[in-house]
1. Tell me, which strands (runs of 3 or more DSSP E) wholly within segment 42-130 include 3 or more residues that are within 23 Å of His32 (Cβ to Cβ)?
2. Quick one: in segment 73-121, which of the residues that are hydroxyl-bearing (Ser, Thr, Tyr) and modelled with pLDDT under 95 is surrounded by the most Cβ atoms within 10 Å (Cβ to Cβ)?
3. Which residues, counting only those in segment 183-202, are among the β-branched types (Val, Ile, Thr) and surrounded by 11 or more Cβ atoms within 10 Å (Cβ to Cβ)?
4. Quick one: Ser37 ticks every box in (1) modelled with pLDDT of 55 or more; (2) surrounded by 13 or more Cβ atoms within 10 Å (Cβ to Cβ) except a single one, so which number is it?
Amino acid sequence: MIRVIAVLTMGFALVAGLLVPTLVNANHARAHADLVSTNPVDGSQLDVAPTDLTFTFSESLLPDFVRFIRISDTGDTADLPVTSVENNVATVGWSTDLGAGAWTVEYRVVSQDGHPVNGSINFTVNATPSPTPTPSPTATVSPTTSPTPAPSPTADPTTPAPSPSTSPAADTGGSTTGWLIAGIAVIALAIVVIAGLIVRRR
């Protein structure tokens, strides 16, 4: 009986020794710098153009591998100046001369663990409203004069819809971990069967 208990103990110790490093490595492989928040918020409507943009990530960034690109609603692209990178927060300059319109900002960064991350956000800067015209004095109309028809209202320009954000690539680490756990379960079952045979022989 003591021999059976010793065999079972060794079997479970072997399973634990294989399972724990596998789970730790799987979690480490999935860790990378995800975008946590931005200012302005993705999809926001702004009455005034921002002076700078901030991007906050879940991991610290490598300052030499941070890039931001602006894309206008007409398809014009240009790099944005990165003013600072502090740990996991990157600040980007924005010129108020860019004016109104729908804008897309793409980011391409690398976290401290060397994992590259890219994506985009969208926001719209609304046009400055035109001043309300001052009504002219009402003229006296003679009885024989026909009334002047009122001018038809001018349709407001439509604001182009912001481009959809780039979806991050799906993580495939979960399927590999499932196969490793299934293999370890088969090893544990084999150890239990061997222990049963030893008991039957005694």
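1. Because the criterion is at least 3 residues that are within 23 Å of His32 (Cβ to Cβ), the strands (runs of 3 or more DSSP E) in segment 42-130 that meet it are 52-57, 61-71, 82-86, 89-93, 101-111, 116-125.
2. Looking at residues that are hydroxyl-bearing (Ser, Thr, Tyr) and modelled with pLDDT under 95, I get Ser111.
3. Hits for segment 183-202 are Ile184, Ile187, Ile191, Val192, Ile194, Ile198, Val199.
4. (2)
For (1) among the hydroxyl-bearing types (Ser, Thr, Tyr); (2) over 17 Å from the mean Cα position of the chain (by Cα), each residue gets a yes or a no:
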residue: Pro63; (1), (2): no, yes
residue: Phe68; (1), (2): no, no
residue: Thr74; (1), (2): yes, yes
residue: Val82; (1), (2): no, yes
residue: Asn87; (1), (2): no, yes
residue: Leu98; (1), (2): no, yes
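The values are calculated or read from the model by the stated rules, or taken from the named source; none is laboratory data. Bear in mind that the values here come from a model prediction, so they are computed numbers and not experimental data. Don't worry about glycine lacking a Cβ; one is built from the backbone with ideal geometry, like all the others, and counts go over all protein chains shown.
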